[in-house]
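Inspection log for the structure reproduced underneath, given as structure tokens.
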Amino acid sequence: MLMEGKKGIVLGIANKKSIAFGIANACREQGAQMAITFLNERFEQKLAPIADDLECDGRLYPCDVSKPEEIKALRASLEKDFGKIDFIVHSIAFAPKEGLEGRFSDISKESFNIAMDISVFSLIEVAKELKPILSDNASILTLTYLGGVQYIPNYNLMGVAKAALEMTVKYLAEDFGKDGIRVNAISAGPIKTLAAAGIDDFSFMLKWNAAHAPLKQNVTIHQVGNSGMYLLSDLSSGVTGEIHYVDCGYNIMGMPATVEDENGKAKLAWNGES
Ligand code: NAP
């Protein structure tokens, strides 16, 4: 029971396929108590049974991170429920569709600002607002993707947002480190979720990653969940400012071998030619 006695808040569960659900469930299995949030009334009913599964005991709160008053209200609710909390999971991202397709240079300023606000600034705002109720060795976790450090087709605007998010993790880690609070990110491999459905040709990305990752498969929310639980638990008490890849090893591949011969020897081929 690695999370026994720990209390926290999980933002970003849309359904049971969400990465945040994988993390929340892993924490629950290890004894954590938590509250979860929903974006608006449309999602409240959908999330009620999930909150039950996570044993939230009615702690299901609205929080649209673009509304500062909702983040403030969330703090008040958490303070009432728990007094202090030990972990925050920030598993939220959004970019208007036009930022996830077509030519990168066509991105509008409006879309850019929305993506940065929801996907990056929200981490700073949530962390700052909840800091007074964070326990001395609290842990904050967010989610990023390889598209923030390397070009990934169609990831466009979200790639720039993830780059900013990863640096936000490092600056926040230094800032909050003085108070014993840790801030880390998991860079997850591609997983079929609602948010991922907004990215053009996502099914091809899944196939490509499974074919070229060292483990020859795609990562699951269960695997990301367990790694997330580790980063939220005291097992990782010496880890902060880290971008931890949970992607079946895909990020280490400079040039994947496209075929293997009958002896398992790597070969390069393209369009049937080697
Ligand atoms: P998801 O299930 O769709 O979760 C995204 C969550 O963000 C949803 O719960 C969504 O709420 C929430 N959200 C969007 N705008 C919000 C706002 N203004 N206020 C509060 N919540 C808001 O998709 P996911 O794939 O698990 O995404 C979680 C995180 O993992 C994201 O940061 C994503 O970039 C990252 N990630 C995903 C992958 C992948 O391949 N799936 C890989 C690496 C990293 P609603 O659904 O209610 O709109």
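Every read-out reported here was derived from the displayed coordinates using simple, explicitly stated rules and does not represent laboratory data. Only a predicted model underlies this, so the values are computations on that prediction, with no experimental measurement involved. Please note: Cβ atoms are built from the backbone with ideal geometry, for glycine as well, and neighbour counts cover all protein chains shown.
Take the residue pairs Lys97/Lys265; Lys7/Lys67; Lys67/Lys109; Lys131/Lys216 and return only those whose Cα atoms are more than 31 Å apart.
Too far apart for the 31 Å limit: Lys97/Lys265; Lys131/Lys216.
Need the list of aspartates and glutamates near Lys80 for cross-linking: C-alpha distance under 16 angstrom, and skip anything on the same chain fewer than eight residues off.
In chain and number order, the partners are Asp57, Glu70, Glu129.
Roughly what would the spin-label model give for Glu174 and Asp52, points 7 Å off Cα along C-beta, in nm?
Between Glu174 and Asp52, the simple spin-label model gives 4.8 nm.
List the lysines whose Cα lies under 16 Å from the Cα of Lys46, skipping any in the same chain that are fewer than 8 positions away.
Straight-line reach from Lys46, under 16 Å: Lys16, Lys17.
Percent relative contact order of segment 206-267, based on C-alpha pairs within less than 8 angstrom and at least six residues apart?
Numbers: 48 pairs, mean separation 23.1, N = 62.
Relative contact order of segment 206-267: 37 percent.
Over the chain, calculate the relative contact order: mean separation of alpha carbon pairs under 8 Å at least 6 apart, over the residue count, as a percent.
Relative CO of the chain lands at 19 percent.
Cα-based Rg (one decimal) and Dmax (whole number) for segment 121-200, in Å?
Rg, Dmax (Cα atoms, Å): 14.1, 42.
Based solely on C-alpha atoms, express the radius of gyration and the Dmax of segment 7-269 in angstrom.
Radius of gyration, then largest Cα-Cα span, for segment 7-269: 18.6, 64 Å.
How large is Rg/Rh for segment 63-158, to two decimals, with Cα atoms and a Kirkwood Rh? Intermediate results must be reported in sequence, preceding the final value.
Values: Rg = 15.8 Å, Rh = 14.8 Å.
Ratio of gyration radius to Kirkwood radius for segment 63-158: 1.07.
Which of Leu215, Ile191, Val239 sits farthest toward the positive end of the charge dipole of segment 7-269, with +1 on the Cβ of Lys and Arg and -1 on the Cβ of Asp and Glu?
Going by the charge dipole, the pick is Leu215.
Of all beta bridges DSSP finds with both residues in the chain, what is the antiparallel percent, to the nearest 5?
Working: 3 of 29 bridges.
The antiparallel proportion sits near 10 percent.
Return the aspartates and glutamates within reach of Lys170: Cα separation strictly under 14 angstrom, same-chain partners fewer than 8 residues apart disregarded; answer none if there are no such residues.
Candidates past the 8-residue exclusion: Glu242.
Given an 8 Å cut-off on Cα distances and at least 6 residues of separation, report the relative contact order of segment 59-213 as a percent. Show your work: numbers first, answer last.
Numbers: 214 pairs, mean separation 37.0, N = 155.
Worked out over segment 59-213, it gives 24 percent.
Kindly state, to the nearest 0.05, the FRET efficiency for Asp64 paired with Ala257, given R0 = 30 Å and r defined as their beta-carbon distance. Display every interim value, and only then the final one.
Values: r = 46 Å, r/R0 = 1.52.
With a Förster radius of 30 Å, E is 0.10.
Using θ = phi - 60° and the Karplus form 6.51 cos²θ - 1.76 cosθ + 1.60, what ³J(HN,Hα) does each residue of segment 91-96 get, whole Hz, x for Gly and Pro?
Here the 3J(HN,Hα) series is 10, 10, 7, 7, 9, x Hz.
Which residues among segment 91-115 fall inside the zone where the amide N is under 15 Å from a point 7 Å beyond the Cα of Arg42, along Cα→Cβ?
Taking a point 7 Å out along Cα→Cβ of Arg42, the residues of segment 91-115 whose backbone N falls under 15 Å are 94-97.
Could you order the peptides 124-130, 140-146, 67-73 from most to least packed, using the average number of other C-beta atoms within 10 Å per residue?
On the way: 124-130: 17.6, 140-146: 26.1, 67-73: 13.3.
Most protected by this proxy first, the peptides run 140-146, 124-130, 67-73.
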